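Worksheet: one structure, shown below.
Where a number appears in this text, it was derived from the coordinates with a stated rule and is not lab data. Just so it is clear, the model here is predicted, and its values are computed rather than measured. Neighbour counts run over all protein chains shown; Cβ positions are idealised from the backbone, glycine included.
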Amino acid sequence: MDWMLMPLRRYADFSGRSRRMEFWMWVLFQFLIGIVFLVLIMILGGAAVISGEPSQVMAVGGVIAVLYGLNLLLMLAFFIPNLAVTVRRLHDSNRSGWWIMLFWGPYLMIIVSLVVVGAGAVAASKGGALTGGILYMLSALGLLVGSLVLLVFMFLEGTRGPNHYGADPKGQVGSDVFA
């Protein structure tokens with residue numbers, strides 16, 4: 001449990017290094033929280049639908065909306081620790097934290113492309129919609145490739161010993177000590 005909560009203790013600490021264990025336990029922690037919200041929503045929604053009473057379905061719908069809102073607030077609260085632990089994980093493999101832009105660059109371009117498509121639709125311009133569609137497809141492809149590259153980086157072992165970003169988080173000593 002200590003590994004799962006470490007990114008919260010280092011909430012906005014973008015310096016230093018993080019082990020794979022810290023990163024993946026943080027991912028597991030968020031996944032388990034998501035599962036809890038999903039199970040609660042499914043149980044409440046299923047019970048309301050099975051009851052067949054419209055008033056109960058409406059009441060449960062409000063509770064489900066509150067649960068979705070709480071989940072959204074939690075995701076927003078976890079946004080900074082997610083960025084920080086990912087940057088520190090990149091630092092562990094002696095990579096700059098700017099590698100995170102392999103994900104965020106295309107993701108932001110998708111948002112821009114959707115705005116262009118929407119603006120083209122409002123103006124009834126086929127050129128704007130086509131440009132936005134092409135930009136969207138290229139950005140989505142970039143997001144896929146960038147996400148896969150970052151996923152591989154997250155699985156790779158960190159550099160042994162100190163690197164440009166700090167001491168080895170595993171605290172290992174060099175092999176020459178035992179020679």
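When Lys and Arg each count +1 and Asp and Glu each count -1, what net charge do the other residues less than 12 Å away from Leu150, Cβ to Cβ, add up to?
Residues close to Leu150 contribute a combined charge of +2.
Using θ = phi - 60° and the Karplus form 6.51 cos²θ - 1.76 cosθ + 1.60, what ³J(HN,Hα) does each residue of the stretch 45-50 get, whole Hz, x for Gly and Pro?
x, x, 5, 5, 5, 5
For the chain, what is the mean residue ellipticity at 222 nm derived from helices alone (per DSSP H run of n ≥ 4: -39500 (n - 2.57); sum divided by total residues; nearest 500 deg cm²/dmol)?
Rounded to the nearest 500, the figure is -25500 deg cm²/dmol.
Give me the percent relative contact order of the chain, please, defined on Cα pairs under 8 angstrom at least 6 residues apart.
Answer for the chain is 27 percent.
Quick query: amide H of Ser93 versus all other amide H atoms, modeled in the peptide plane; which residues come in under 5 Å with a sequence gap of 5 or more or a different chain?
HN-HN under 5 Å from Ser93: Thr159.
With θ set to phi - 60°, apply the Karplus curve 6.51 cos²θ - 1.76 cosθ + 1.60 along the stretch 133-140 and write out the HN-Hα couplings as whole Hz, x wherever there is a Gly or Pro.
Computed from phi, the couplings for the stretch 133-140 are x, 5, 4, 5, 4, 5, 5, 5 Hz.
Tell me the angle of helix 54-77 to the major Cα principal axis of the chain, expressed in degrees between 0 and 90 and rounded to the nearest ten.
So the inclination is approximately 30 degrees.
Whole angstrom only: what separates the Cα centroid of the stretch 62-106 from the Cα centroid of the stretch 126-167?
Each part's Cα centre sits 14 Å from the other's.
Net charge within 15 Å of Ser96 by Cβ-Cβ distance, Lys/Arg positive one each and Asp/Glu negative one each, not counting Ser96 itself?
For residues surrounding Ser96, the net value is +3.
Convex hull over the Cα atoms of the chain, averaged projected area in nm²?
15.1 nm²
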